[in-house]
Amino acid sequence: MSFDKATQVYFSPSGNTEKVIKAASSRICNDITEYNLLKTPLTEDIQISGDSVLIVAMPAYAGRIPEPCVSMINHLKGSKQPAIAIIVYGNRDYEDALIELKDLLEANDFCVVGAGAFIAQHSIFPQVAAGRPDENDLRLIAEFADHCSKLLSTFSPDCYMTIKVKGNSQYIKPGKVPLKPKGDSKCNGSCICVDICPTHSISAEHPKKTNKETCISCGACIHACPMNARAFHGFMYKLATNEFIKSCAEYKTPETFYID
Ligand SMILES: Cc1cc2nc3c(=O)[nH]c(=O)nc-3n(C[C@H](O)[C@H](O)[C@H](O)COP(=O)(O)O)c2cc1C
Ligand code: SF4
Ligand code: SF4
């Protein structure tokens, strides 16, 4: 079976999940329909066309898929088309994020032919995995994409048996990150952060403030602010930064999984 089209779906508040999925998709095909879930949240079902391969990339948040993305992934409807699942994580661990993504895609009638966990700079602690994905990561992403392309050329939905990926099917409990960013005196009131925040945690009246109850610490506001006014601050943040730099120092390498 040949697939000339791809549907690319990702959530990338700090830009690295986007970098990884684009490095992979561009080697798989040229005709790509894109859904950037940060800019255009999915609120209704989308039937993915039969001649299109679905490629989905998510960052790992506390070893899981970002909570607001679960319902959006459930809006992607297949009919036994192949899919590729990608998790991007910040060199700590991705625990059950990849198996959760794989399960969601299978539950919506996709056949996951390839799955990969790749490493990128940590979006809360940028000193962790700084500069990643690096040259070696990009080479391994290309190899992963090329292997998926080969599998797609011989793919038959009738022979699909579930792919085995790392992770526990009893997912770890979702954890909330207690650190929340806020704005400082450089803020010029542009409200770009208000529009980009996926959980509506910043108000136009007080854009320096953050609703700590609803904020998921994704960093989209930090990444989007043209004045560099939003950041994580405080003693707890400094403490956690030192802890993460120490505990995540070992260079992790990407892991890939394929159907038999
Ligand atoms: C709320 C939150 C939780 C995170 N949890 C993890 C984690 O469990 N393990 C890990 O290695 N990295 C973790 N990270 C780091 C991200 O997975 C990583 O930086 C990813 O590249 C972010 O994607 P983005 O650049 O597309 O936003 C977390 C980041 C955030 C914002
Ligand atoms: S994007 Fe930056 S400058 Fe604009 S309102 Fe938000 S914090 Fe202020
Ligand atoms: S306020 Fe929180 S949820 Fe909203 S963009 Fe910033 S970090 Fe993400």
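The values are calculated or read from the model by the stated rules, or taken from the named source; none is laboratory data. Small disclaimer: the values here were computed from a predicted structure and weren't measured. FYI the Cβ positions are ideal-geometry reconstructions off the backbone, even for glycines, and counts take in every protein chain you see.
Brief remarks on what is shown
- Qualifying residue in region 216-229 (condition: under 30 Å from Lys164 (Cα atoms) and surrounded by 13 or more Cβ atoms within 10 Å (Cβ to Cβ)): yes
- When region 183-228 is filtered for residues that are under 25 Å from the mean Cα position of the chain (by Cα) and among the charged types (D, E, K, R), the ones remaining, listed by number, are Asp195, Lys212, Glu213.
- Looking across region 1-27, the residues that are assigned to a loop (DSSP other than H, G, I, E, B) and within 15 Å of ligand 1 (Cβ to nearest atom) come down to Phe11, Ser12, Pro13, Ser14, Gly15.
- Considering only residues in region 33-55 that are surrounded by fewer than 19 Cβ atoms within 10 Å (Cβ to Cβ) and of a type in the set (Gly, Ala, Ser), the one that is farthest from Ser14 (Cα to Cα) turns out to be Gly50.
- Scanning region 59-71 for residues that are in contact (Cβ under 8 Å) with a residue 60 or more places away in the chain and either more than 7 Å from ligand 1 (Cβ to nearest atom) or of a type in the set (D, E, K, R) (or both) turns up Arg64, Pro66, Glu67, Pro68.
- Yes/no for Ile119 being touching an Asp or Glu at 6+ places or on another chain (Cβ under 7 Å) and of a type in the set (A, V, I, L, M): yes
- Flag for Thr199 being part of a helix (DSSP H, G or I), outside the structural domain of Pro126 (by TED's automatic domain parsing), over 30 Å from Val113 (Cβ atoms) and polar (S, T, N, Q): no
- Restricting region 102-153 to residues that are among the hydroxyl-bearing types (Ser, Thr, Tyr) and surrounded by fewer than 21 Cβ atoms within 10 Å (Cβ to Cβ) leaves a set whose member that is farthest from Ile86 (Cα to Cα) is Ser153.
- The set of residues in region 174-198 that are β-branched (Val, Ile, Thr) and at pLDDT 95 or above comprises Ile192, Val194, Ile196.
- Taken together, His233, His206 contain a single residue that is more than 9 Å from ligand 3 (Cβ to nearest atom), free of Cβ contacts under 8 Å to residues at least 12 places away in the same chain and assigned to a loop (DSSP other than H, G, I, E, B), which is His206.
Results for (1) without any contact (Cβ under 8 Å) to a residue 24 or more places away in the chain; (2) in the same structural domain as Ile216 (by TED's automatic domain parsing); (3) assigned to a loop (DSSP other than H, G, I, E, B); (4) in contact with a helix residue (DSSP H, G or I) (Cβ under 6 Å, 6 or more places away or on another chain), shown as yes or no for each residue.
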{"position": "Ala129", "(1), (2), (3), (4)": "no, no, yes, no"}
{"position": "Ser149", "(1), (2), (3), (4)": "no, no, no, yes"}
{"position": "Thr162", "(1), (2), (3), (4)": "no, no, yes, no"}
{"position": "Asp195", "(1), (2), (3), (4)": "yes, yes, no, no"}
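- One residue from Ser247, Ser203 being within 16 Å of ligand 2 (Cβ to nearest atom), of a type in the set (Ser, Thr, Tyr), touching a Lys or Arg at 6+ places or on another chain (Cβ under 9 Å) and at pLDDT 95 or above: Ser203
- Restricting region 180-193 to residues that are touching a His at 6+ places or on another chain (Cβ under 9 Å) and assigned to a loop (DSSP other than H, G, I, E, B) leaves a set whose member that is nearest to ligand 1 (Cβ to nearest atom) is Pro181.
- Test: residue in region 33-49 that is touching a strand residue (DSSP E or B) at 6+ places or on another chain (Cβ under 8 Å), hydroxyl-bearing (Ser, Thr, Tyr) and at pLDDT below 95: yes
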